[in-house]
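The structure appears below as structure tokens.
What follows is calculated from the coordinates using simple rules that are stated; it is not laboratory data. A quick note: this is a predicted structure, and the numbers were derived from the prediction, not measured. Ideal geometry is used to build each Cβ from the backbone, glycine not excepted, and the neighbour counts take in all protein chains shown.
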Amino acid sequence: MRLPDHKFPLVLVAVAASIVTVALAFTVGNEEQPQAEVGAPAPALAGSAIRGGEVSLELLRGHVVLLSFLNSRAEATPDGDSSRAQMVFLRSMQAQHARFGLRVIVVDAAELAGAERPSRNELVNYTYDWNLDPAITVLADDGTLARRFAVEQAPTTFLIGPERVMHERWDGFVPVAQLDLAIRLLEGRSPTD
């Protein structure tokens, strides 16, 4: 069966439009997640702190930032999530390095760890239960920040330099000695200062 000559261009346009539509749908569905890689600029991070105020990496330009995705609902068990132990070390780093400009941001990753997402009030209580210095910023996350930083587990911690470049990434628990040494080197201090 042969199409009349005047309908052939219409069929050709319809086929081309279908091909473009399918190609676009395939491309949009397969976008790669941004990768937060050491040596690359840190992805954008901005939000409302649980205890009030706004925070962003852009506002913290010029400061060393320790960013950690933690499970606020982690249980204190020997075989459990190490987020609770990591928080102790983050508090220690804040106390030791604040005078050199260190800023600590904790992003709640309870949902990422398979727990129910805590309410804002639960996160406020978390900051008091853990006796967190108000200088430690806690942010809620609906998964957007975790995806942006390609975080797949809690804890995951990043060390971001004053120029907003990612200097370290630790997937899992980070011993305090590693945190301290990496921060000191980024601050331009010797390991024994």
Candidates Val165, Val107, filtered to the one that is of a type outside the set (S, T, N, Q) and touching a Phe, Trp or Tyr at 6+ places or on another chain (Cβ under 7 Å)
Val107
For the stretch 153-183, how many residues meet the condition of being without any contact (Cβ under 8 Å) to a residue 60 or more places away in the chain, crowded, with 18+ Cβ neighbours inside 10 Å and farther than 17 Å from Val38 by Cβ?
0
Please work out which residue is surrounded by the most Cβ atoms within 10 Å (Cβ to Cβ), limiting yourself to the stretch 93-106 and to residues that are under 20 Å from Gly47 (Cβ atoms) and in contact (Cβ under 8 Å) with a residue 60 or more places away in the chain.
Ile105
Filter the stretch 41-69 for residues that are touching a Lys or Arg at 6+ places or on another chain (Cβ under 8 Å), of a type outside the set (Gly, Ala, Ser) and closer than 22 Å to Trp170 by Cβ and give the result.
Pro41, Pro43, Leu45, Leu57, Leu60, His63, Val64, Val65, Leu66
Criterion (within 21 Å of Ala177 (Cβ to Cβ) and among the β-branched types (Val, Ile, Thr)) met by exactly one of Val64, Val55, Val107
Val64
Number of positions in the stretch 54-75 that are under 21 Å from Asp133 (Cβ atoms) and touching a residue at least 24 places away in the same chain (Cβ under 8 Å)
15
Among the listed residues Ala115, Ala135, Ala85, identify the single one that is farther than 22 Å from Leu181 by Cα and either touching a residue at least 12 places away in the same chain (Cβ under 8 Å) or surrounded by fewer than 23 Cβ atoms within 10 Å (Cβ to Cβ) (or both).
Ala115
